[in-house]
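Every number in this text was worked out from the coordinates using simple rules, so none of it is lab data. Quick caveat: nothing in here was measured; it's all calculated off a predicted structure. Cβ: placed from backbone, ideal geometry, glycine included. Neighbour counts: every protein chain shown.
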Amino acid sequence: MTSPMTYPDAQLREILKTTQTIAVVGVSMNPVRPSYYVARYLGLKGYTVIPVNPGHAGKTLFDSQVKASLSEIDQPVDMVDIFRRSEAVPPIVDEALAHFADLKTIWMQIGVEHAAAAAKAEARGVTVIQNRCPKIEYQRLFGELRMGGFATGVISSKL
């Protein structure tokens, strides 16, 4: 995997400010898994989070029914956040582009990249962010991330 891609802070901030509904593909029901706590965090920040995982379809997570696939979602989605291996990305991107006419962003989590799928989405006018986490970027850009990556909530002048 390459190093994290470079995206202007202004672009990331705009995505996070204008996004309302996020489909999280590959979300886990296990609270210690990153896909669970990232999705939970985004929901707590006011985003509508739609969990997508065929292994948990029909169950309830964060007051929403887990969908088996993106094509089961019957409302507009602004962002598809992908928590799957890089080789699984192309069919997810294809389904997202086919199902969501007004999709604005495809976001691939840390460690997830696929140049061809990204190019296909970008050719359709969809912004693609790869190898980044929206939770970390939200915390970094909106002042929640402290030294060491922890949101301590403690204000101190000591280093």
* Using the count of nearby Cβ atoms within 10 Å as a rough guide to exposure, how do T60, T105, T6 rank from fewest to most? -> T6, T60, T105
* Quick one: what does P(r) look like for segment 1-78 with 5 Å bins over all Cα pairs, in whole %? -> 3, 15, 23, 21, 18, 12, 7, 1
* What's the exposure ranking of M79, M5, going from fewest to most Cβ atoms within 10 Å? -> M5, M79
* Asked: If each of R13 and D94 carries a label point 7 Å out from its Cα toward its Cβ, how far apart are those two points in nm?
  -> 3.9
* What is segment 9-144 by shape, rounded, prolate or oblate, if you read a ≥ b ≥ c off the alpha carbon gyration tensor as root eigenvalues and call it rounded for a/c under 1.5, prolate for a/b larger than b/c, and oblate otherwise? -> rounded
* Give a residue-ordered list of calculated ³J(HN,Hα) values for segment 137-142 (Karplus: 6.51 cos²θ - 1.76 cosθ + 1.60, θ = phi - 60°; whole Hz; x for Gly, Pro). => 5, 4, 4, 5, 7, 10
* To do: Subtract the Cα-Cα distance of M5 and R140 from 0.36 nm times their separation in residues, and report this length gain in nm to one decimal.
  => 47.0 nm
* Amide H within-cut-off set for S28, under 5 Å, with H built and near neighbours excluded -> S35, Y36
* In Hz, Karplus ³J(HN,Hα) per residue of segment 29-35 (6.51, -1.76, 1.60; θ = phi - 60°; x = Gly, Pro) -> 7, 8, x, 8, 7, x, 4
